[in-house]
1. Can you tell which of A:222, A:147 is within 16 Å of ligand 1 (Cβ to nearest atom) and farther than 30 Å from residue A:294 by Cα?
2. I'm checking my understanding of the structure. Among residues of segment A:69-79 that are in a helix (DSSP H, G or I) and within 11 Å of chain B (Cβ to nearest Cβ), which one is farthest from ligand 1 (Cβ to nearest atom)?
3. Just one of the numbered conditions (1) away from ligand 2 (no atom under 16 Å from the Cβ); (2) assigned by TED's automatic domain parsing to the domain that holds residue A:59; (3) touching a residue at least 60 places away in the same chain (Cβ under 8 Å) is not true of residue A:255; which one?
4. Looking only at segment A:126-163, which residues are part of a loop (DSSP other than H, G, I, E, B) and within 14 Å of another protein chain (Cβ to nearest Cβ)?
5. Looking at segment A:107-129, can you tell me whether even one residue there is under 24 Å from residue A:62 (Cα atoms) and touching a strand residue (DSSP E or B) at 6+ places or on another chain (Cβ under 9 Å)?
6. When only residues in segment A:99-118 that are in a helix (DSSP H, G or I) and crowded, with 23+ Cβ neighbours inside 10 Å count, which is farthest from ligand 2 (Cβ to nearest atom)?
7. Answer yes if at least one residue in segment A:188-207 is within 16 Å of ligand 1 (Cβ to nearest atom) and within 29 Å of residue A:327 (Cβ to Cβ), and no otherwise.
8. I'd like the full set of residues that are within 22 Å of the chain's Cα centre (by Cα) and within 16 Å of ligand 1 (Cβ to nearest atom), limited to segment A:80-110.
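The values are calculated or read from the model by the stated rules, or taken from the named source; none is laboratory data. Keep in mind that this is a model prediction, so the values were computed, not measured. FYI the Cβ positions are ideal-geometry reconstructions off the backbone, even for glycines, and counts take in every protein chain you see.
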Ligand SMILES: Nc1ncnc2c1ncn2[C@@H]1O[C@H](COP(=O)(O)OP(=O)(O)O)[C@@H](O)[C@H]1O
Ligand SMILES: [Mg+2]
């Protein structure tokens, strides 16, 4: 996993042709907090900065506050405390001016059950007083085409599969040219093929210069398409920044396979490597520890001098998964 | 691009298509249309003498089929029409919240006030159409089953058939207007819940409660302020000259209810966290 990380090379921090507020962030929040009735703090003092042109992965386990944050960004939920700025406009005042530039998918798609997909999109477009009715038909066809949903035709939304619904939701977000896409778990319910298509779509949109704010609990999604990442945990934004920078800043580890793990641990301890861990394996055990600035060159001779038989010795940079787990806790612990 | 107003009208047209395209809402209109047909057939089949003791309009149906319009209106306005309006009104906001489409309308963006206005116009239009459906079905059934010709009004004057038909149109218009207050109450109740069926049931209960209060003599002081109190004042349209006092009261009370519950709905929806 460690070597296979795909980090898009260049991060564009502002579009050259951005009309207004060229240097402002696409999304900025200050001290954003939501305390629901009943006292539950779903989002806790979040300061978010999503640069224009970035693909921002908003990571966090279920219940960590991603959707609530997104609802506040879009003016659906009023923050208890804090400020939101979208495309340079302060929310909620600027909602009317800003939202036509924003395509959104919030906590799954939702449409009128008794209308077909295209009829549902026509309804969304009719609701938009700033959209041009004379181009509606073509824009709807284009949007459906973009998410490969042209064959669904006149079927009622009720009869759509989960994957088709998700695609229709994406099509609604793409009904007109956007500056910013806010996508809450966009691959939920999609099969692997659909998941790949959505990733390709997000990449293509980002290549067009759109800012994409993508919430997910799937690391692969972030690794494959995101330039930036923010990690939520129980309502707090525990880390945020450029993905490559975050990963580069993580502590490298050494990993070695040996038949004599106790001796290896003693040696590593002696050299000052912190908290070595042993994982039993078939034949040889794997010992790993944070390098803590110790040169790898010192390790092998020390181990050999102590008579520890080494089958394999590598330096590992933690990938996003390890970073994520270190930030949000292991496994399925439900924290709220 | 067309003017701001016509762009706003697009959403309203789309909303009306949604309301009237919904099979359930169509079936309710069909049920309403069936009421005058059933009454007409029943009156036709019953012996002339049995109609003697019948109150108000029913006795006149066998003389002139146009009275089927007024009879059907008097029968459906207190119960059936409010029920149909309750279904559409209950669905208005709660239905969108329940299906999750409310959040997507709001991020389109549809300003919350505009959403309320469009939803309200949709409910009122449905009530008006319901009243005209009853009137039209009553008129056609009357034409088929009973004699038509000059109409003797409640005041004893006789007017040409077309004049009376015009009054039937006014009666339908008045009935539709009488549902506008209930539509506002319904819109408000619909902002309180994400369960459309709960909204529908409670809205349907409101006119019933009002009519019960209206029937309690001890409460006669509040009767003029009940939104159902003037509903059947449309009989005044069948006098020569037309007596306007009851009609004006009826319209005035509806206006007050529209103002109060419209404001409540606005206060509720514009401050509501949309978490559905
Ligand atoms: N309307 C609500 N009322 C009370 N608590 C809520 C409400 N919506 C969400 N929450 C709580 O807020 C927390 C964050 O939820 P959410 O934002 O949906 O997380 P995520 O999208 O990251 O899974 C959860 O603990 C959830 O139970
Ligand atoms: Mg969520």
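1. None of the others qualify; the one that does is A:222.
2. This residue is A:73.
3. Here residue A:255 clears every test but (2).
4. Answer for segment A:126-163, where residues must be part of a loop (DSSP other than H, G, I, E, B) and within 14 Å of another protein chain (Cβ to nearest Cβ): A:128, A:129, A:130, A:131, A:132, A:154, A:160.
5. yes
6. By that ranking, first place goes to A:117.
7. Yes, segment A:188-207 has at least one match.
8. A:84, A:104, A:105, A:106, A:107, A:108, A:109, A:110
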